[in-house]
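In what follows, a single structure is set out as structure tokens and then discussed.
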Amino acid sequence: MRDPERRDRRRAGYSVVELLVVVMLIVIMAAVAVPNVMAYMRNYAIQSAAKSVVSEINTARYRAIMKNTNRGVLFVVVSPTTYQWVILDDQRPQDGNPVDDTTALDTLLTSAADWAVAQRGFVQTLPTGVIFDDPNGTANDAAFSYDRYGAYCDPGDECDAITGFGGTDLITNTATASTIFLGQPSTGLTRQLEVGAGGRARIVQ
């Protein structure tokens with residue numbers, strides 16, 4: 001007669017072969033999933049960066065409309081990894097003289113000291129590994145401007161020319177639109193942002 005307790009013990013455990021099969025299945029699933037997860041994380045970083053830049057551009061537009069600016073609000077690429085907005089109205093350069101509409105902005109903000117006291121937002125930084133890029137070699141400016149209606153204008157064309165903000169030329173400005181590229185050198189991924197004549201920013205691709 002068989003021992004029922006011995007039979008129950010055999011049923012309650014797992015053999016070494018069964019455990020090895022389970023471990024192998026886990027390893028295979030991880031090998032398949034990890035590259036996909038890594039690709040998602042890389043794509044997430046540059047997509048998140050694109051959304052953050054668009055949000056800051058829209059903040060600059062909102063400031064221009066709400067302040068009813070005479071001189072406009074700039075969106076500036078400060079460096080390949082940083083950006084900010086700057087209000088051009090009501091600036092007070094280091095000489096202490098208030099600014100009026102006859103003061104040339106390229107004279108107003110030509111020194112680092114003047115630029116340091118300009119009304120502006122916090123400098124924002126792109127995620128690690130993401131940079132402002134110029135894949136087509138067409139970048140011709142470090143900033144673009146919004147007027148009081150929230151419309152886009154090229155600061156080197158129909159808006160006041162401004163030479164003192166010391167940004168990095170990684171924006172492609174035309175008379176009707178501005179294009180900004182973000183790149184992720186480690187993966188080759190890029191995102192294209194565009195600001196149309198009406199001033200709305202969007203992620204093109």
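The values are calculated or read from the model by the stated rules, or taken from the named source; none is laboratory data. What you see is a predicted model; the values in this text were computed from it and never measured. Using ideal geometry, Cβ is built from the backbone for each residue, glycine included, and neighbour counts are taken over all protein chains shown.
Quick one: which of ASP95, ASP154 is among the charged types (D, E, K, R) and either in contact with a Gly (Cβ under 6 Å, 6 or more places away or on another chain) or at pLDDT below 65 (or both)?
Only one candidate qualifies: ASP95.
Has segment 159-167 got any residue that is polar (S, T, N, Q) and either at pLDDT 90 or above or part of a strand (DSSP E or B) (or both)?
For segment 159-167, residues polar (S, T, N, Q) and either at pLDDT 90 or above or part of a strand (DSSP E or B) (or both): absent.
Identify all residues within segment 175-203 that are surrounded by 17 or more Cβ atoms within 10 Å (Cβ to Cβ), among the aliphatic types (A, V, I, L, M) and touching a Ser or Thr at 6+ places or on another chain (Cβ under 9 Å); write none if there are none.
Passing the criteria: ILE180, LEU182, LEU193, VAL195, ALA201.
Of the numbered conditions (1) at positive phi; (2) modelled with pLDDT of 90 or more, SER178 satisfies every one except a single condition; which is it?
So SER178 meets the others, but not (1).
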